[in-house]
Ligand code: S3P
């Protein structure tokens, strides 16, 4: 059984979809941010503040390499910046079926506007930041994905149904 992998911008719903999907498909869910936090015994914000983004990106690659060593029947939700590295995109592809949860900048802003845990979205004008980053990243997400699911205006049930259908088709 191949892993089911969820990628997409911050606030696209990867974590929530991952947890719900794990109940539906009866598979354990792994979240790369949580793996890193467990290993480092500190939060993503602390890692960014103390060691910077590159250090965090290296930790993401290490987690993926480790996951690639184990058997794949998990749901893996990954941090929004992880698919930006080419090596990571290759590893994701090896790990399983990759779903891009594609959300518009407006949807994302609505979901993250009160959030303080994502260092890259703090500071002045988060709306503009989201628009710019999303435009830069969308191509990488699409390149990494086997299936793109547009999540705007869909409830979680609909999104889960679409993913489950694809997973069954692939089985
Ligand atoms: C990041 C997304 C975050 C986390 C870190 C950096 C990004 O994960 O990995 O703050 O670069 O998009 P989520 O996508 O789960 O919020």
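Filter the range 6-35 down to residues that are within 13 Å of the ligand (Cβ to nearest atom) and touching a residue at least 40 places away in the same chain (Cβ under 8 Å), then give me how many there are.
Qualifying residue count for the region: 18.
Could you list, ordered by first residue, the pairs with Cβ atoms under 9 Å in which the first is in the range 60-72 and under 16 Å from residue 36 (Cα atoms) and the second is assigned to a loop (DSSP other than H, G, I, E, B), at least 6 apart or interchain?
That search, which allows pairs on different chains as well, returns 60/78; 60/79; 60/81; 60/85; 61/85; 63/78; 64/78; 67/74.
Could you check the range 96-115 and list, in sequence order, the residues that are surrounded by fewer than 21 Cβ atoms within 10 Å (Cβ to Cβ) and outside any strand (DSSP E or B)?
Once the filter is applied, which keeps residues that are surrounded by fewer than 21 Cβ atoms within 10 Å (Cβ to Cβ) and outside any strand (DSSP E or B), the range 96-115 yields 104, 105, 106, 107, 109, 110, 111, 112, 113, 114, 115.
Here are some residues: 59, 45. Which one is surrounded by 20 or more Cβ atoms within 10 Å (Cβ to Cβ), within 13 Å of the ligand (Cβ to nearest atom) and over 14 Å from the mean Cα position of the chain (by Cα)?
So the residue among 59, 45 that is surrounded by 20 or more Cβ atoms within 10 Å (Cβ to Cβ), within 13 Å of the ligand (Cβ to nearest atom) and over 14 Å from the mean Cα position of the chain (by Cα) is 59.
Quick test for you: out of 82, 160, 91, pick the one residue that is within 15 Å of the ligand (Cβ to nearest atom), buried (at least 16 other Cβ atoms within 10 Å of the Cβ) and at pLDDT 95 or above.
Result: 82 is the single residue among 82, 160, 91 that is within 15 Å of the ligand (Cβ to nearest atom), buried (at least 16 other Cβ atoms within 10 Å of the Cβ) and at pLDDT 95 or above.
Going through the range 122-137 one residue at a time, which ones are touching a helix residue (DSSP H, G or I) at 6+ places or on another chain (Cβ under 6 Å) and crowded, with 17+ Cβ neighbours inside 10 Å?
Passing the criteria: 130, 134.
Tell me which residues, restricted to the range 138-154, are surrounded by fewer than 18 Cβ atoms within 10 Å (Cβ to Cβ) and either modelled with pLDDT of 95 or more or within 19 Å of residue 33 (Cβ to Cβ) (or both).
The answer is 138, 139, 142, 143, 146, 147, 148, 150, 152, 154.
The values are calculated or read from the model by the stated rules, or taken from the named source; none is laboratory data. This one's a predicted model, so the numbers in the text were calculated from it and none came from an experiment. All Cβ positions, even for glycine, are placed from backbone atoms using ideal geometry, and neighbour counts span all protein chains on display.
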